[in-house]
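In what follows, a single structure is set out as structure tokens and then discussed.
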Amino acid sequence: MRTQISGKQIDVGNALQIHVADGLAAVMEKYAQNPTDATVVFSRDAHNYVCEALVHLPSGLTAQAKASAGEIYAAFEACRDKMEKQLRRYKRRLKDHHRDRVQPVEFGGASGYVLAGGSQEEEAEPEGLQPIIIAEMEMRIPKLSAGEAVMQMELASAPVLVFRNERHGGVNVVYRRDDGNIGWIDPAEQG
């Protein structure tokens, strides 16, 4: 597993890099065989250290965790524990998913846009209904089953996931509802 460990305006020394690589490798060996690569980024948030970890699994899914603490080692330990809990929860499903899938998850390209939000203090009325685009970026849309999409959303701790349904190729959405359940939007084909 390739592991990239870095810091945002923080010097990440050799001892921390070795500790992170060994700790992450132990979790991955136990719950996710042969992950392709991992990225761990440390940063500061006021008086706390923040650790964000992202691991790409061989099935094409991604595990993601984030934690903060007063000390940098404690931030990594909390982040590693969160990732371990996620992987433990999904271990059987991850292994079954990898065994059933002949090809890795396919990704399609899409454009993503950041739109300007209307401020409360706007002086003039907008001239049209077209939003102002602040940024444009390339997005990756995975081709998954609905069950895999829910698992990916949970592993990434995301509130919503857009995916292409591998059964019929249509764009679908899974999201966490306010009542704690999962919502799934599968638009019907209009003929």
**Request:** State yes or no: is Glu127 exposed (fewer than 10 other Cβ atoms within 10 Å of the Cβ) and either of a type outside the set (Gly, Ala, Ser) or at pLDDT 65 or above (or both)?
**Result:** yes
**Request:** Output the number of the condition that Ala32 fails; it satisfies all remaining conditions of (1) surrounded by fewer than 20 Cβ atoms within 10 Å (Cβ to Cβ); (2) small (Gly, Ala, Ser); (3) closer than 23 Å to Ala158 by Cβ; (4) at pLDDT below 90.
**Result:** (1)
**Candidate set: region 127-166, residues that are polar (S, T, N, Q) and within 12 Å of the chain's Cα centre (by Cα); chosen: the one farthest from Asp178 (Cα to Cα)** = Gln152
**Asked** Which residue, of Ala38, Ala110, Ala75, Ala67, is touching a strand residue (DSSP E or B) at 6+ places or on another chain (Cβ under 8 Å), surrounded by 13 or more Cβ atoms within 10 Å (Cβ to Cβ) and at pLDDT below 85?
**Response** Ala110
**Request:** Could you check, for region 156-163, whether at least one of its residues is surrounded by 14 or more Cβ atoms within 10 Å (Cβ to Cβ), part of a helix (DSSP H, G or I), at pLDDT below 85 and not β-branched (Val, Ile, Thr)?
**Result:** no
**Item:** Residue among Leu61, Leu115, Leu87, Leu94 that alone is at pLDDT 75 or above, outside the structural domain of Ala149 (by TED's automatic domain parsing) and out of contact with any Asp or Glu (no Cβ under 9 Å at 6 or more places or on another chain)
**Value:** Leu87
**Request:** Name the single residue, out of those in region 41-64 being in contact with a Lys or Arg (Cβ under 8 Å, 6 or more places away or on another chain) and in a strand (DSSP E or B), that is surrounded by the most Cβ atoms within 10 Å (Cβ to Cβ).
**Result:** Cys51
**Item:** Neighbours by Cβ (under 6 Å, 6+ apart or cross-chain): first from region 10-22, surrounded by 15 or more Cβ atoms within 10 Å (Cβ to Cβ); second of a type in the set (Ser, Thr, Tyr)
**Value:** Ala21/Thr3
**Complete:** All-but-one check, Ile133 against (1) at pLDDT 85 or above; (2) among the β-branched types (Val, Ile, Thr); (3) touching a Phe, Trp or Tyr at 6+ places or on another chain (Cβ under 9 Å), failing number (1)
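The values are calculated or read from the model by the stated rules, or taken from the named source; none is laboratory data. In this text, all values refer to a predicted model and were calculated from it rather than measured experimentally. Reconstructed Cβ throughout: ideal geometry from the backbone, glycine too, with neighbour counts over all protein chains shown.
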